[in-house]
Structure formats: structure tokens, C-alpha cells
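Below is one structure; the comments refer to it alone.
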Amino acid sequence: KFGGIHKSALSARCGEAYICGVGSGLSHTKPGELVELEGPAGSVTMAGVGELHGAVVAVGNRGGLYTWQLSTSDSFAKPRLETVVLSEERFRSLSCAGPIGCVVTEGGDVYIWAHGVPFMSNVPSRVCGRVLKVACGKRHVLALTIDWRLVSWGCNNTGQLGGGVKSQDWQARPSYVDGLPAGGRVECFSAGGRHSLAVMQDGQVYSWGSNSLGQCMQGQGQTEILAAMAVQPAWRGGAILVAAGHFHSVLSTTLGEIWCCGLNQDGQLGVGNNDNSFRPVMIDQPATLVHPVCLAAGGAHSAAVTSDFGVYTWGSGSKGQLGPMGGKEGLNRPRQMMQLSAGARINDVTCGENCTVVINFEEKQTAAALLRDVRASFAQAMPAINVAACTWNVNNSSPAPGALRWIKAKWSDCGIYVIALQEVDLRKRAMVTDAAMQVDRGIKGAMKGLKAGLKDGVGAAATGAGKGWSDGKKVRSGNAVMVQSPRGEEWRAAAAQSMGGDYVEIACRQMVGVMLIVYCAKKLEGIVSNAFCESVGVGLMGKGGNKGGVAASITVGSTSMCLVSAHLAAHETEVAARNSDYHDLCRDLLTVAPNGHLLGHDCVVFAGDLNYRVGLAREVAQTFVQYNEWGKLYEEDQLRIAIQQRDAFVGFREPPLRFAPTFKYDVGTRNYDTSKKQRVPSWCDRVLFRSRGGAQAEALDYLRCEVLDSDHRPVICVLRVTPVSDDSAMVNAARRHCDSLLSSTAALAGREPLPPPPDRPPSPPRSHAPPPAKAPPPAKPPPPAPPSKPLPAAPNRPVPQPPSARPSMTQSLHPSMATTSAAAPTSMSLQELTG
């Protein structure tokens, strides 16, 4: 929850985000209380906040897209990691408004989600691609494509999509905005409550949508504008930044002035009164509010960030959205939001319905991102290590003599062995013991429920959970070694026997039936460290350990590795439940591990009984098995389809399946299931992997073993993993620089930026000097070429400069694109955009 001590002076570290104000209709007991966002502290680069929800983008080993929404209390729920798009790792743009949120990945794909909209999911789903930046309105979305044109989708009841018509129907597919100059380049844009704004490269402002209160800056002649229309400027010079609120608009000019227009009931125009304005008016601008580099507009308030990192707010303060110094009564003139301590660098502000978020960062790049960038370029590769990942569902049985001898039968000299076992112990005692381990021993009735469970079985254990285990946690954190039952010790001993004396156990963790044992060769003990284990139950009552995952986090050299043993939801029709279990494990496993969350590791090996089936009739599947038609079986494999549709395991790889399905057999035979259930032969037992951050992983072998002791066959995947070492001088310098950034705010002030890696042109230095009082009109340059793949970085908010010195859109995207000179294409088809 958001809460904590009152902060009237902000002393933020790089990459931290702070919020003030609350959701619509809630009381705020401390007006303007400024509190840090929970979640990925120290690594936030972007933030968006809507009516009753929000999102942040973080980098580093806890990076990704985090979303949250209003809880039942007077605060927000803890941000949730969205694993659907996490594998994209980096993001170009983020925006939230109303119930909608959108994010653009580094590859240019747009994902959208919504809260409280019946026909939209609260899980991000892909809309289109080839996009640089996105802006959400209350019910519509604008996006800038790679050919510098605007597209829109969503609600169009007042023409806010700019397509020349209006409609009461939701437009799900993007369409181009009409009325903007042909061949022109959009420099900045914003989506409001029911209207939209855009600034072209020559500084001309265009608007469309509802103009009922003058928010389109078009006077009182039209209440609705269905296509983009040029605004007659009342200011000198050209416009640079625009921000659209619910019923008002804000813009800044090349001369550093801020102009507003529209509804002014709460003083959101900042002119010193509460009179509405159908024409742009200059705000009552303090002498210190000069050279704004960022503008934002919310439900009924506005905000600006200056070049010297000052944050100013004005408008409604009823929910504390104006910050510690804004007051709850509201302001009709801009006032500094807070006092900044030395070293605080507030470079971004975002306004929601009734709250404001500020981010402290340097050039949208945190220390963690800097270190990872430099590591990827300069880290030295270490000798490759063979990693054997083995998975086996042992069918709730004790190990027979030599039960695990198959592990080293073919690959006997791997550096690391990962042994993932499922259904190790599903007896009543094991399940009740696991449930008891989750509770606070001080909870009255916990031990009473435990005794009842041990005596009467699982049914009584569920009753005991109601008495004392209701506060039990889904996550079990602890030491690298923890075995829950005697049978677990039996399997641990069997693993030790199969490994022999040349290997040492570095992790062993059991959660009811799910068990993970990790061994490494003694010769590698010096480079394997930081073992940390955690387990998450997703079975009985959503927390039981009969289903779930156990993960071990280790460091090999300077490469972080995550090793997972998982058992997902059973039954052929429960594909959605299996996908959900996967996302739960990715979000909840290793949340406090030193190496970051599960998908934040450099190398991830995910093994287990994943329970994905083959969607064919039993007779057909058996015919394909008889003739070794693995390709035809694989076409109907549920896991393959889930990955293709990006429902689960996005970014993971699996070697080709060139062996027979591993489930389900009659125990002790080579016959597939002959029971009444007649289960379809399927590849339930799988090993998948992914790598990033300089580490490399490739599959050497993928095979099954003929062991008849269970209804499953064991599977082994041998990987060649090339870890990296951070011993180079450049990486050590980067680490020292990043540590200094994160150590204190005082260290931030006056630091020189880290030199970029070779073959990467340095970023031009930021100038905070104010522009000249008068400048010649801007000269319209010829349209530059659109970027070729890979896509350029997302457009930054431009620093106001005189028209003659204003950077081109290409230069503002990334310095390396400044030399692009090919002619721009006339347009990009919508089929290419949505393909």
C-alpha cells in the first residue's frame, strides 16, 4: 500500500518514483503526502497513472512492466509484475489514463490492458506493431508509428480519433488520424478526456475531438472537431510540448511560456482565477518556472517540470494531488510541488485522475541499466559449462535402488546438474506439514488445526486452514537446503548416490511433491555462489504445495542463473489454468532473491511436469506415435500453441522434440494408459530455457530415459551455458559509477556521465540555458527517412530551444540516427502496422 511518513522535501535516489493523491472518490487523510511506489525501487524509468490504476516500467534484474489498481481500502494495491511482456525486457513508452494502460516494447509492439472494461482484459494484450510512442486518453489511444504518423483507436463518440467521423462503437483496430499535413512529422502528442492534441515539427498545434469547453483551443464555433484542425496561435514562436487533461489543455512554447485552455473550475488553467477559456491564455507563470521540459495534465490539475528539476502543480488539490506544498484547497496559480534536496533530479511527471507521480532519474537511464549496457559490451566470456536439466514425475513413490542412475548415463561430466522432481510426497502428512510451515506460529488455532490435519487427513487440514492458516503465505522463502518429509530425504539420498564424490550439493528444496536438487562439480565451487531458494504453491486453495514451483538462484562467475522445478495444473482442458500457474510462478518466485526476480536472471532453466497435452483423439495420437510422426503430434501440442500465441513462456526456447510422449504409461510397462480414462499420449515433462545480459545458452541434447518406475518418463536437456565475468576494467569502472549513483543523493550531483561503449556515439550534452528572448521563425526541413530495423529509441521530450537550433525528430530519438538521409516513404499500410 502507499503510505508512510510525510515528505515535504524529496531526497530521491536515481530510478525511484513517488506518488501523491489517491483514486477518485477516496479520502486522503494527509493532503499532498508524497510516498514512494512499492515494487522495483531504484530502477523506475517510466510511469503512468489512470483513474483507478497505474503502471511503472523498471530496468535491471527486477525490471519489467508493473501494474497496480485501486484496492478496497483507501490506497493502491502492490504493483504486480506483468510477465506477459516481461521477456521484451525494454520499453519505449508507457501511458495510462481512465481505465486504460498501454506500453510500447523495444521492438515497437503495443500492448493494452484495462480495468473495469467488460470487453477488455486486465492482462496486457498486443494491439499492433511498428510504433515509437503511445498516449492514452480516458477512452481512446494515440500512437506514433515509425513513419512519424499518428494512429488512433478506442472510443470515438466525440471524434477524438480524428478519422473524420464519430461513432458510439469502440474501434478496436488502429486507423490514421486525418487532417494532419501530408509528409509532416509529429513532434509531440497527447490524448485527453475526449480530445487529442499534436505538435508538428514546425511548431504548429493541431487538435480534434470534443471542444465543448474550449479544450481544443478552437474557440466557441465548434463543439466537436472530427479531424485534426490547426490551432490559430496566440503565442509567439512555435509550440513544443502539449498535454491534454480531461477538459483542459496545456502547452509550452519555444520562448519557455506555458499556455492553457478549457475548463478552469478548479484553477487548472493557472491564470489566477477560475474562469473558463475557449482560447489559449498564458498562465500566471512564476519567474522560477522557466524552460519547462515536461508537462502533464490530469483530471482537474496540471504539472510542469523545469530544466533545473523543479516540479510545479496547480488546479484541484482535493485528493492531495498537488503535493506536499500544494495544499488540499487547490491552486489557481502554479506553485512548487515540493522542496528538492541536493542531488534529487526530477525529470518526469505524470498526472492521473486525482494523483501525481514524479520520477527521479538521469536521462531515463538508471544505474542498473547503465551497468547492464556496459556489461553486455565489455564483459569477458568465461569457459562454457554444460548444464544437465533433468525432470521426472516420480508418481508419489519412494526411490528404488539406483532410481536416478539414468541422470549420468549419457552425460556424465556436466558442470551442473539440475534435478527437478514432481509428486515426491503427496501423502496427507506432507501436505499438512507444508501448510503449517506457512503460518505465523503465533496465530491462535494454527497448531490445533495442524494436529487435526495430521489425525484426520487433508479434509481436516482444510478445516484447520480456516481456523489458523488463512493468513498463510503463498511464497516460502528460506535457506538453500530444506527438505520437508522423510521421503524427500530418500530422494535426496538417491541423488547424492547418483552424483558420486566429484560433485557437491549446492541447493535442495522440497515443497510437498515438488522438489529441486542442484549439484555442481567440485572444480566449479569457486565460481558458483549466492545460492538462494524459494517455493510457491498454487495448488490446494491457491496456495497448496501439491502444485507450484521451487526455484534456486545461483551466480556462476558474474552470471545469474535461475533453476526451476514446476508442476502445473493437470487435466487436458485446463490450459488457461496452466498458463496462469506459469505467470504466478514468474511473478512470485524469487521476489527477494539477491539476483532479482525469476525472469530477471541472465539464464533461466524451467523444468518440470508442465502438464501441457496433445490436443488429438487418443487413437490418432497413438497412430502418430507408432510411426514416429513427432512433427504432427507437435502441431497440436498445447505448450507450442501457448508460446506461439504469447500466452505463456514468452522468450523461452525448447529443443526439438524427437522422442515419444512421456505421459501416461501403465507403471512398470511400456504401454500407454489402458485405464478407463484412456489419456492421450502427451509431452507433459518439458525443459525450457532463456538467456540474456551477455550470457549465452544453447541446447546440446534433449532426450527421454526409459525408466519404468513411474507413469512418466524422465527427460534430460543438456545446455551449453557461457557465463560472463565482470573483471574487465571498463565493467569495474561502470560498477563503481553505478554504486555511487545508488549510494546517496549527494553523489548524484556533479557526476560525469559514464562514457558510452565503443561504436556508440556519445549523447549530446543537455543544455539548461534559457532560450533567447526572440528567435526567427523555424525553417521547415525536408522530411527525414523513417528508421530501418532495428527501431530507434522512443522519442524523448524535447528540451525547448530556439527554432533555429531545435533538433530534428530523428536527432531527438537517438544520436546515432542523425545521419539518416534517405527519403521517407509516403505512408505505411495499416496491415503492416497491425500485422
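The values are calculated or read from the model by the stated rules, or taken from the named source; none is laboratory data. Just so it is clear, the model here is predicted, and its values are computed rather than measured. Quick reminder, even Gly has a Cβ in these numbers, built from the backbone with ideal geometry, and neighbours come from all protein chains shown. Calculation scope for accessible area: heavy atoms of the full protein, side chains included, ligands and nucleic acids excluded. Shrake-Rupley method; radii C 1.70, N 1.55, O 1.52, S 1.80 Å.
Structure summary
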quantity: Among residues of segment 122-162, those that are hydroxyl-bearing (Ser, Thr, Tyr) and either surrounded by fewer than 23 Cβ atoms within 10 Å (Cβ to Cβ) or in contact with a Cys (Cβ under 8 Å, 6 or more places away or on another chain) (or both), counted; calculated: 2
quantity: Looking only at segment 690-736, and only at residues there that are at pLDDT below 95 and polar (S, T, N, Q), the one that is most open to solvent (accessible area, probe 1.4 Å); calculated: GLN696
quantity: Condition check for ALA551: under 17 Å from VAL481 (Cβ atoms), among the aliphatic types (A, V, I, L, M) and open to solvent by less than 10 Å² (accessible area, probe 1.4 Å); calculated: yes
quantity: Residues satisfying the stated conditions in segment 387-401, i.e. open to solvent by less than 30 Å² (accessible area, probe 1.4 Å) and among the hydroxyl-bearing types (Ser, Thr, Tyr); calculated: THR391
quantity: Count - residues of segment 561-577 that are surrounded by 24 or more Cβ atoms within 10 Å (Cβ to Cβ) and either at positive phi or not aliphatic (A, V, I, L, M) (or both); calculated: 3
quantity: Those residues of segment 645-668 which are polar (S, T, N, Q) and at pLDDT below 95, in sequence order; calculated: GLN645
quantity: Tally, over segment 286-318, of residues that are in contact (Cβ under 8 Å) with a residue 24 or more places away in the chain and open to solvent by 40 Å² or more (accessible area, probe 1.4 Å); calculated: 4
quantity: Of residues in segment 408-428 being in a loop (DSSP other than H, G, I, E, B) and of a type in the set (Lys, Arg), the one most open to solvent (accessible area, probe 1.4 Å); calculated: LYS410
quantity: Residue list for segment 557-581, filter: assigned to a helix (DSSP H, G or I) and small (Gly, Ala, Ser); calculated: ALA576, ALA577, SER580
quantity: Residues that are open to solvent by 50 Å² or more (accessible area, probe 1.4 Å) and under 17 Å from VAL349 (Cα atoms), drawn from segment 319-329; calculated: MET325
quantity: Residue count, segment 176-217 (criterion: crowded, with 17+ Cβ neighbours inside 10 Å and either over 17 Å from SER277 (Cβ atoms) or of a type in the set (Ser, Thr, Tyr) (or both)); calculated: 27
quantity: When residues of segment 628-644 are limited to those that are under 16 Å from VAL687 (Cβ atoms) and of a type in the set (D, E, K, R), the one farthest from the chain's Cα centre (by Cα); calculated: ASP637
quantity: Some residue of segment 336-343 being crowded, with 20+ Cβ neighbours inside 10 Å, in contact with an Asp or Glu (Cβ under 7 Å, 6 or more places away or on another chain) and modelled with pLDDT under 70; calculated: no
quantity: Identity of the residue in segment 60-92, closer than 24 Å to GLN645 by Cβ and in a strand (DSSP E or B), that ends up modelled with the highest pLDDT; calculated: ARG92
quantity: Residue count, segment 503-550 (criterion: closer than 19 Å to PRO723 by Cα and either among the hydrophobic types (A, V, I, L, M, F, W, C) or not in a strand (DSSP E or B) (or both)); calculated: 13
quantity: Selection from segment 257-285 of residues that are open to solvent by 10 Å² or more (accessible area, probe 1.4 Å), touching a residue at least 24 places away in the same chain (Cβ under 8 Å), not aliphatic (A, V, I, L, M) and not in a strand (DSSP E or B); calculated: GLU257, GLN265, ASP266, GLY272, ASN273, ASN274, ASN276, ASP284, GLN285
quantity: Tally, over segment 600-614, of residues that are more than 13 Å from LEU688 (Cα to Cα) and modelled with pLDDT under 95; calculated: 3
quantity: Strands (runs of 3 or more DSSP E) enclosed by segment 139-217 - at least 3 residues per element that are touching a residue at least 60 places away in the same chain (Cβ under 8 Å) and within 25 Å of GLY237 (Cβ to Cβ); calculated: 186-191
quantity: Selection from segment 218-240 of residues that are assigned to a strand (DSSP E or B), open to solvent by less than 10 Å² (accessible area, probe 1.4 Å) and out of contact with any Asp or Glu (no Cβ under 9 Å at 6 or more places or on another chain); calculated: ILE225
